[in-house]
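To keep things clear, I will list the structure first and then write my remarks on it.
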Amino acid sequence: MESLKASIPEGLKQMISESSVDNLSTTCSYLHRFFLRFNPFHHMITQLADPNYALCGKSKKAALESKHLGNQCFLDKDYVKALNFYTQALRKAPFEEGDMENNLVVTLYVNRATVLHKMSLLVECLRDCTRALQICPSHAKAWYRRSQANASLGNYKDAICDLNVAKSMESSLGGKRKIETELKSILDQCKSASMAVKHSGNCLNTVGEMPQIKLQCVAIPGKGRGMASSCDISPGSLVHTEEPYAMIISKQYRETHCHYCLNDLPADRVPCISCSIPLYCSQQCQIQAGGQTFRIYPEVHGILKSLPRDLGEYAAEVIQGNDSEQEIADISEHKHECQGVNWSGVLPSEIVLAGRILARFLPKSTSEDITDFVEGLELSHCYKHMPSESKLDSHIHAIVLLYCLQHSSNIVFPIDGVSLSQVVIIISQIKVNCMTVIRLKSIDAHVLSNQFGEFPSNAYLTSNVEQVRVGKAIYKTGSLFNHSCQPNVHAYFLSRTLCIRTTKFVAAGCELELSYGPQVGLLDCKDRLNLLKDEYAFQCQCTGCSEANLSDIVLNAFRCVNPNCSGAVLDTRVVDCEKQKIKRFPIADEADKNSDIYEVCIRAFSQNEASVPIRPGYCLKCGSYCDLESSFAAVDKAIICIKRLQDAILSKEISNTIVTEASKFLHLLRSNLHAYNKLIAEVEDNLAQAFCLLGELELCMDHCKASIQILEKLYDPDDIVIAYELVKFSSIQLSLGDGTAVESISRIGDIFSLYYGIHAELVFPYLRYLRGEIEKFSLEGA
């Protein structure tokens, strides 16, 4: 793309940078005409959209090479590597009709099932055997391997049926004798064990709770549209659920998460049929995303008719599964990308997302005007406020995307100034309406858990909550919820489903507001305003940005030079943002003068403004002057040392010398920064991590607790951020056998229930483990 951009004449670039919605079709048309006369543009489109140039298409040769490597690893008993090679071979293997017994895809599924069985991944083994049988129902080895998995799972009745089908399909005498021996063994096991419940698939596809509250789309002064409540709403209420209009996985998670539901990929991940890019957690997701399947149903296989009636019905049920009940969306997200072409793997994710939105229009392009389609999306856009560079990028991407879509869809539609301008609008709509899909995971628990998701006794040693940004999506109603830096609702995701839940009491008629990322406690007011303007092109006027709050005052504040004063000293940048907010803040009466915000700047709220100047370097409580230049110098010196500590933590090369030095500079920070300054909390947390790596858990717990105490001043005490930190703190308490972990875990559960309701353990499975630890403490104390 950079070569295209560099080729554009400066005059045309200037015209695009100054463009508005009114003349957007003109600038798009001019750039389009320029590219049509520019040979490298046509060469680029060919490389992106012509299957003959595809690097992500299917290749039997590459699949066989990966299969060979997998076979070698299996013989060497390196099952992890063998599993990876067989999966890579499945991604590359083309589906070929003909001799199903020797079909490469079937062979690879059976080989991978064998590896999964060796790794005790029995449910995954079962699913791979079934996938092989859905292509080739007469594959005796797949039925045999399926029986072994079922027997190991305790599904003896199914295991016996599998072996009986395998025996009918097996042509060799030796193979039949082997099956008969296995059948006798399973019959003996069956006599001494009860039947187990069948295992289901792994893809979460239900919310399990429906919103009971009707919301209203209302006009909000200065904001446009917004969502408001029609009645009083209690904290923790689910108020909205919605499936995405379009969704895309982030490129960095293509190998670890399902490309359709964005859940973690299991060991038996399913590849796309026609290209080698996507991986899915199940065939259900693969079918929904691609709108196609290569399964061959049993009615076309006369061989099943030779089976006894009951056995034939069983085999047919195994092969068909639940497919007859599965509805495929009219517009499959990946189908228009699935020609083995390169563009969907090369273009930025948000541009591919724009392509998925346009895919809903293309089948109707002969009867519907693209302008009407874009207006019908009813999504706001920010083209007017986009930087010059972003305007140019959106013009280029719009042209490239439409040509790639035309090649992939085989639908002829006009590519002109009007159609291109509407694609630019869609790109700008994505910029301000796209929601980031988050998954929560406990880092250490994820590493230390076994293949069944069970956590061993040392799993809690250093547990941290990580928010994984796995994808982006457009939710048409969800986009109507406006931002607040002090939100009253929280958005989270179950598979593809957006869920929005209240975190505070919301009175009837009040607006429901969520955070677009920046919020009070995370950043100070000035940084939040700048970020929201850059990312979403609006000036935030929420309560957090227009009314004084403790967090914005102290988050980057300095300490008063008076050792007995708890007041805050602000620098120029913070003063400029907070001055007007403080002036508008209500004057305290005797009852609330002890609240935290008055404690750090009570005299600044005096009616007599001259009593304490709200100026850089002056304490907002006692008026003492602080030399900010020397304070900044001391902080900069400390930060250099703290950076060494952070690097040592990342490399896990911690020494007592580094920790001792960092502890000394923490004291320097405390003598210069306000007690609630967020940098102190961050350094306390760094030291907690360092002491944990050194095995000094008592000191680790002390520093972790000190960090949380500061964060509780910057955030609401029931904010989900506090729960995330308490997960870390409680894991240390558990390691020490500290009974007060019960209180921490109970508080974690309360906050998670407020933010996630009945979905808390679905969103964060490690919570189930922590709650189990509470039960252990209760039993030990009984």
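Of a type outside the set (D, E, K, R) and either in contact with a Ser or Thr (Cβ under 7 Å, 6 or more places away or on another chain) or touching a residue at least 60 places away in the same chain (Cβ under 8 Å) (or both): is that true of Thr46 in this structure?
Considered against the rule, which asks whether it is of a type outside the set (D, E, K, R) and either in contact with a Ser or Thr (Cβ under 7 Å, 6 or more places away or on another chain) or touching a residue at least 60 places away in the same chain (Cβ under 8 Å) (or both), Thr46 comes out as no.
For the range 388-444: of the residues being touching a strand residue (DSSP E or B) at 6+ places or on another chain (Cβ under 9 Å) and assigned to a helix (DSSP H, G or I), which is modelled with the lowest pLDDT? Full working, then the answer.
Step one: list which residues in the range 388-444 are touching a strand residue (DSSP E or B) at 6+ places or on another chain (Cβ under 9 Å), which gives 429-430, 433-443.
Adding the requirement that they be assigned to a helix (DSSP H, G or I) leaves 429-430, 433, 443.
Working: Gln429: 94, Ile430: 94, Asn433: 93, Ile443: 71.
Among those residues, the one meeting the criterion is Ile443.
Can you give me the number of residues within the range 613-633 that are without any contact (Cβ under 8 Å) to a residue 60 or more places away in the chain, within 23 Å of Gln580 (Cβ to Cβ) and either open to solvent by less than 10 Å² (accessible area, probe 1.4 Å) or under 43 Å from the mean Cα position of the chain (by Cα) (or both)?
Final tally of qualifying residues: 5.
On the basis of being at pLDDT 80 or above, within 31 Å of the chain's Cα centre (by Cα) and not aliphatic (A, V, I, L, M), does Gln212 make the cut?
Working: at pLDDT 80 or above: no; within 31 Å of the chain's Cα centre (by Cα): yes; not aliphatic (A, V, I, L, M): yes.
Against the criterion (at pLDDT 80 or above, within 31 Å of the chain's Cα centre (by Cα) and not aliphatic (A, V, I, L, M)), Gln212 does not qualify.
Considering (1) buried (at least 16 other Cβ atoms within 10 Å of the Cβ); (2) at pLDDT 95 or above; (3) over 32 Å from the mean Cα position of the chain (by Cα), say which one Leu679 fails and leave the rest.
It fails just one condition, (3).
Search the range 534-556 for residues that are without any contact (Cβ under 8 Å) to a residue 40 or more places away in the chain and pair each with any residue that is open to solvent by less than 20 Å² (accessible area, probe 1.4 Å) and in a loop (DSSP other than H, G, I, E, B) when their beta-carbon atoms are under 7 Å apart and the residues are at least 6 apart or on different chains.
Asp552/Asp524
Being crowded, with 19+ Cβ neighbours inside 10 Å and within 14 Å of Cys275 (Cβ to Cβ) narrows it down to one of Ala63, Ala82, Ala89, so name that one. It would help to see each step written out before you state the result.
Working: Ala82 fails: within 14 Å of Cys275 (Cβ to Cβ); Ala89 fails: within 14 Å of Cys275 (Cβ to Cβ).
After ruling out the rest, the residue left standing is Ala63.
Mind checking whether some residue in the range 772-779 is open to solvent by 20 Å² or more (accessible area, probe 1.4 Å), farther than 23 Å from Leu494 by Cα and β-branched (Val, Ile, Thr)?
yes
Taking the residues in the range 314-331 that are open to solvent by 100 Å² or more (accessible area, probe 1.4 Å) and in a helix (DSSP H, G or I) as candidates, determine which candidate is modelled with the highest pLDDT.
Glu317
Of the residues that sit in the range 223-238 and are touching a helix residue (DSSP H, G or I) at 6+ places or on another chain (Cβ under 9 Å) and outside any strand (DSSP E or B), which one is most open to solvent (accessible area, probe 1.4 Å)?
Across the range 223-238, the extreme among qualifying residues is Pro235.
So Pro94 fits all but one of (1) open to solvent by 10 Å² or more (accessible area, probe 1.4 Å); (2) assigned to a helix (DSSP H, G or I); (3) without any contact (Cβ under 8 Å) to a residue 40 or more places away in the chain; what number is the exception?
Tallying (1) open to solvent by 10 Å² or more (accessible area, probe 1.4 Å); (2) assigned to a helix (DSSP H, G or I); (3) without any contact (Cβ under 8 Å) to a residue 40 or more places away in the chain, Pro94 fails exactly one: (2).
Please go through the range 115-125 and pick out each residue that is out of contact with any His (no Cβ under 7 Å at 6 or more places or on another chain) and open to solvent by 10 Å² or more (accessible area, probe 1.4 Å). Talk me through it step by step, then tell me what you get.
Step one: filter the range 115-125 for residues out of contact with any His (no Cβ under 7 Å at 6 or more places or on another chain), giving 115-122, 124.
Scanning the range 115-125 gives His117, Lys118, Met119, Ser120, Leu121, Leu122, Glu124.
Pick out, from the range 528-644, the helices (runs of 4 or more DSSP H) lying fully within it that include 1 or more residues that are modelled with pLDDT of 90 or more and of a type in the set (D, E, K, R).
On the way: elements: 543-546, 550-554, 572-584, 596-601.
Hits in the range 528-644: 550-554, 572-584.
When you scan the range 122-133, do you find a residue that is within 18 Å of Ala316 (Cα to Cα) and of a type in the set (Val, Ile, Thr), even just one?
Let us first name the residues in the range 122-133 that are within 18 Å of Ala316 (Cα to Cα), namely 126-133.
Right, trim to of a type in the set (Val, Ile, Thr) and you get 130.
Among the residues of the range 122-133, at least one is within 18 Å of Ala316 (Cα to Cα) and of a type in the set (Val, Ile, Thr), which makes the answer yes.
If you scan the range 229-256, which residues turn out to be more than 27 Å from Asn84 (Cα to Cα) and polar (S, T, N, Q)?
Ser229, Ser230, Ser234, Ser237, Thr241
Tell me which helices (runs of 4 or more DSSP H) are completely within the range 1-49 and hold 1 or more residues being in contact with a Cys (Cβ under 8 Å, 6 or more places away or on another chain), or say none if there are none.
On the way: elements: 2-7, 10-17, 24-36, 39-49.
So the answer is 39-49.
Applying the selection to the range 66-79, what residues are over 26 Å from Glu96 (Cα atoms) and open to solvent by 60 Å² or more (accessible area, probe 1.4 Å)?
Leu75, Asp76, Lys77
If Leu555 satisfies every condition in (1) in contact with a Phe, Trp or Tyr (Cβ under 8 Å, 6 or more places away or on another chain); (2) open to solvent by 20 Å² or more (accessible area, probe 1.4 Å) but one, which is the exception?
Just one mismatch for Leu555, condition (2).
Inside the range 645-669, can you point out the residues that are part of a helix (DSSP H, G or I), open to solvent by 40 Å² or more (accessible area, probe 1.4 Å) and in contact (Cβ under 8 Å) with a residue 40 or more places away in the chain? Give the derivation first.
Just the residues of the range 645-669 that are part of a helix (DSSP H, G or I), to begin with: 645-651, 656-669.
Next, only the ones that are open to solvent by 40 Å² or more (accessible area, probe 1.4 Å) stay: 646-647, 650-651, 656-658, 660-661, 663-664, 667-668.
Scanning the range 645-669 gives a single hit, Gln646.
For the range 239-273, name all the residues that are open to solvent by 10 Å² or more (accessible area, probe 1.4 Å) and in contact with a Lys or Arg (Cβ under 7 Å, 6 or more places away or on another chain).
Glu243, Pro244, Tyr245, Ile248, Ser250, Pro271
Which residues, counting only those in the range 690-704, are in a helix (DSSP H, G or I) and open to solvent by less than 60 Å² (accessible area, probe 1.4 Å)?
Looking only at the range 690-704, we keep the residues that are in a helix (DSSP H, G or I), and these are 690-693, 697-704.
Ala690, Phe691, Cys692, Leu697, Cys700, Met701, His703, Cys704 - these are the residues of the range 690-704 that are in a helix (DSSP H, G or I) and open to solvent by less than 60 Å² (accessible area, probe 1.4 Å).
Within the range 358-379, restricting attention to residues that are at pLDDT 90 or above and not in a helix (DSSP H, G or I), which residue is most open to solvent (accessible area, probe 1.4 Å)?
That would be Glu378.
Answer yes or no: is there a residue in the range 687-709 that is in contact (Cβ under 8 Å) with a residue 24 or more places away in the chain and within 30 Å of Ser495 (Cβ to Cβ).
No; the residues of the range 687-709 include none that is in contact (Cβ under 8 Å) with a residue 24 or more places away in the chain and within 30 Å of Ser495 (Cβ to Cβ).
What number of residues in the range 670-686 are outside any helix (DSSP H, G or I) and among the hydroxyl-bearing types (Ser, Thr, Tyr)? Working first, answer last.
Of all residues in the range 670-686, those outside any helix (DSSP H, G or I) come to 673-677.
With the extra rule that they be among the hydroxyl-bearing types (Ser, Thr, Tyr), the set shrinks to 676.
Residues in the range 670-686 being outside any helix (DSSP H, G or I) and among the hydroxyl-bearing types (Ser, Thr, Tyr): 1 in total.
The values are calculated or read from the model by the stated rules, or taken from the named source; none is laboratory data. Only a predicted model underlies this, so the values are computations on that prediction, with no experimental measurement involved. Backbone-built Cβ (ideal geometry, glycine too); neighbour counts: all protein chains shown. Heavy atoms of the whole protein, side chains included, go into the accessibility calculation; ligands, DNA and RNA do not. Shrake-Rupley method; radii C 1.70, N 1.55, O 1.52, S 1.80 Å.
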